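Presented below is the structure to which this report refers.
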Amino acid sequence: MIPVTRPHLPEMSRYLGYIERCYQNNQLTNNGPLVQELKARLEDYLGVQNLLPVANGTLALQIAYKVLGISRVAITTPFTFVATSSSLKWGGIEPVYADIDASSLNLSPQKAEMILDPEVTALVPVHVYGNPCNVEAFDRIAKDHGLKVIYDAAHAFGVRLNGKSVLQWGDAATLSFHATKVFHTVEGGAIVFKKREDYERACRLINFGYEEGEVADEGINAKMSEFHAAMGLCMLDEIDSVLQEREEIYKRYYEALKDHFEIPVWKEGATRNYAYFPVLFPSEDALLKTQQRLNDAGIFPRRYFYPSLDALNGYARPDKGNPISRSRADRVLCLPLYSALPLEVQDKIIEITVSSQKLYARTPSEFSMMSLTGG
């Protein structure tokens, strides 16, 4: 079976070397030496400050909302994984959706600004597939309206925009280190704060609110363990080769598919981490038929993200539909991409998707018009 992704597992001997240090230190959690080393190395590798490792990416979002005092309503995107919205709802914050940009698939700043009202306290854009949002526009909106900005950067590990880490934008940016991500700690995540005082409060919150042995704040347990940090340190040791392998696979897909499919437009001035390879079909029917052909061949791509969250029970707002997000969610498919993907399997994936496109696609003129209108 060929899944949409497969976790990279570093050399076992390397991992066991870090685990041996856990046994020697006899410290398994509570900001141990491996977590501290991972924090320092990540800050250096990513080019950021005030990075806080945590237990997972969803807790990263929840801690960021708490530290920054987000309440009432936050404007976010319906084209993302459900955790972006569920983490808001868990914090008693209502997620309200603005539609996305048809070409990048990121939250549209213009449409977000159109639905601002006095109840809105924050913007929560997502760097979809690691593709940076229009951060300049969101920064302006936040300053004009006195809002906080928290970026869900779960997919954006290592991405740089105009020479600096995309994680430097916003009041906070959160990362997921889940096993399916380019960089992982099996389970884990991190928050990057703009302000040192926000980082310092977050350090208390993830440890039950403790500071110098006393409860000083409203806390929760969101700490990363030493064993998870050990995997992260191994991944950092090998991350450059992992990214190089993913780049080669991504580029093979791109050259083979660019003339047959609409592919999201990447932010100008931004680097890539080759986390995903999404393609847009001309119709949901064409996608489903192609997906079935791939499944029959033992290949399992993913409809990522589907459905658009504004159409999902518990999140839907019937009076506030987002037609571009719904259309894109119906027609996007992420093809398998991981560092160990055999080239002969990739060739098979390409052959099936291209032949299916020829079978099920509209005419070239209809496809071009659809791309321009967002239909």
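The values are calculated or read from the model by the stated rules, or taken from the named source; none is laboratory data. On a predicted model such as this, the values are computed, not experimentally measured, just so you know. Virtual Cβ from ideal backbone geometry, glycine too; neighbours counted across all protein chains shown.
Filter region 124-154 down to residues that are on the phi > 0 side of the Ramachandran plot and surrounded by 19 or more Cβ atoms within 10 Å (Cβ to Cβ), then give me how many there are.
2
Go through region 65-92 and give me each residue that's assigned to a loop (DSSP other than H, G, I, E, B) and touching a Lys or Arg at 6+ places or on another chain (Cβ under 9 Å).
Leu68, Gly69, Ile70, Pro78, Phe79, Gly91, Gly92 - these are the residues of region 65-92 that are assigned to a loop (DSSP other than H, G, I, E, B) and touching a Lys or Arg at 6+ places or on another chain (Cβ under 9 Å).
Identify all residues within region 41-64 that are within 10 Å of Thr174 (Cβ to Cβ) and of a type in the set (Ser, Thr, Tyr); write none if there are none.
Selection gives Thr58 alone.
So, in region 34-56, how many residues would count as being without any contact (Cβ under 8 Å) to a residue 60 or more places away in the chain and more than 16 Å from Val192 (Cβ to Cβ)?
Of the residues in that region, 1 qualify.
Can you say whether Lys66 is in contact with a strand residue (DSSP E or B) (Cβ under 9 Å, 6 or more places away or on another chain), at pLDDT 95 or above and of a type in the set (Lys, Arg), as far as the supplied structure shows?
No: the conditions fail for Lys66.
Say we look at region 276-316 and pick out the residues that are charged (D, E, K, R) and exposed (fewer than 14 other Cβ atoms within 10 Å of the Cβ); which of these is farthest from Arg6 (Cα to Cα)?
Per the stated criteria, the residue is Asp285.
So which residues in region 155-178 are surrounded by fewer than 24 Cβ atoms within 10 Å (Cβ to Cβ) and not in a loop (DSSP other than H, G, I, E, B), if there are any at all?
Arg160, Leu161, Lys164, Ser165, Gln168
Restricting region 130-154 to residues that are in contact (Cβ under 8 Å) with a residue 40 or more places away in the chain and not in a helix (DSSP H, G or I), which is nearest to Pro264 (Cα to Cα)? Give the derivation first.
Quick first cut of region 130-154, residues in contact (Cβ under 8 Å) with a residue 40 or more places away in the chain only: 130-134, 148, 150, 152, 154.
If we keep only those that are not in a helix (DSSP H, G or I) too, we end up with 131-134, 148, 150, 152, 154.
Details: Asn131: 9, Pro132: 12, Cys133: 12, Asn134: 14, Lys148: 27, Ile150: 23, Asp152: 18, Ala154: 18 Å.
So, considering only residues that are in contact (Cβ under 8 Å) with a residue 40 or more places away in the chain and not in a helix (DSSP H, G or I), the one nearest to Pro264 (Cα to Cα) is Asn131.
Out of Pro264, Pro307, Pro278, Pro282, I need the residue that is assigned to a strand (DSSP E or B) and in the same structural domain as Ser356 (by TED's automatic domain parsing). Which one?
Going through Pro264, Pro307, Pro278, Pro282 in turn, just one is assigned to a strand (DSSP E or B) and in the same structural domain as Ser356 (by TED's automatic domain parsing): Pro278.
Would you point out which residue out of Glu11, Glu43, Glu37, Glu20 is under 29 Å from Pro109 (Cα atoms) and surrounded by fewer than 22 Cβ atoms within 10 Å (Cβ to Cβ)? Before you say what the answer is, go through the steps one by one.
Working: Glu11 fails: under 29 Å from Pro109 (Cα atoms); Glu37 fails: under 29 Å from Pro109 (Cα atoms); Glu20 fails: under 29 Å from Pro109 (Cα atoms).
Unique residue meeting the criteria: Glu43.
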